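The values are calculated or read from the model by the stated rules, or taken from the named source; none is laboratory data. What you see is a predicted model; the values in this text were computed from it and never measured. All Cβ positions, glycine included, derive from the backbone under ideal geometry; neighbour counts span all protein chains shown. Calculation scope for accessible area: heavy atoms of the full protein, side chains included, ligands and nucleic acids excluded. Shrake-Rupley method; radii C 1.70, N 1.55, O 1.52, S 1.80 Å.
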Amino acid sequence: AAADDTTAVTDTQAAPAEVEPATTDTDTATADSGEPETPYNVLAKAREAYWLRDFATAEQQYKKLTQLEPENPDGYGELGNMYFSRGMWDEAANAYYEAGVRLLDEGLIVQAGQMVDVIRGLNGSQADELDALINAAKTSP
């Protein structure tokens, strides 16, 4: 009877995959769950790994997220937060710089400026470069 209960749970967990949007040729399935590697699923895996203190997996998943959505600042920001929480200042500054550039690309100048402040707090050399990009964006038509 216990084996039947396990099967029922597995079948129930697989059911939501049926209502997901259709996958494209670029979607790949994970080896463990069969769910598509959507940005949402990758982000969920990264956050879960982070909260379970599996930092190697979290880092891998956050990096995968930045590959799936290279223009989205959120993956870089969360990657920076993970590095920051671990005292990995240089890596955090690099990730925050990448987030700042993407925020600037989206026209979010104030938020990009906040990244400059964070990077400066980490003594990151990228702060001046991001600040120059922001100033250039403010003066361009």
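For segment 28-119, relative contact order (Cα pairs under 8 Å, six or more residues apart, normalised by length) works out to 18 percent. Rounded to the nearest whole Hz, the Karplus-based 3J(HN,Hα) values (6.51 cos²θ - 1.76 cosθ + 1.60, θ = phi - 60°) of segment 94-101 follow the sequence 4, 5, 5, 4, 4, 5, x, 4, with x at glycine and proline. The heavy atoms of K45 present about 50 square angstrom of accessible area, all protein chains included, probe 1.4 Å.
For segment 66-118, rounded, prolate or oblate, judged on the Cα gyration tensor with a ≥ b ≥ c (square roots of eigenvalues), a/c < 1.5 rounded, else prolate if a/b > b/c?
Values: a/c = 2.63, a/b = 1.31, b/c = 2.01.
Oblate is the answer for segment 66-118, as a/c is 1.5 or above yet b/c matches or exceeds a/b.
Taking the Cα centre of segment 69-141 as origin and charging only Cβ (+1 Lys, Arg; -1 Asp, Glu), how large is the dipole, in debye to the nearest 20?
Working: 4 positive and 13 negative charges, 46 e Å.
So the magnitude is around 220 debye.
So, counting K/R as plus one and D/E as minus one, what does the shell of residues with Cβ under 15 Å around V110 add up to? The partial results should precede the final answer.
Details: positive: R102, K138; negative: D105, E106, D117, D131.
Here the charged neighbours net out to -2.
Here r is the Cβ-Cβ distance between W51 and D74 and R0 is 25 Å; the resulting FRET efficiency, rounded to 0.05, is 0.90.
On a per residue basis, segment 53-141 carries 56 Å² of accessible surface, using protein heavy atoms and a 1.4 Å probe.
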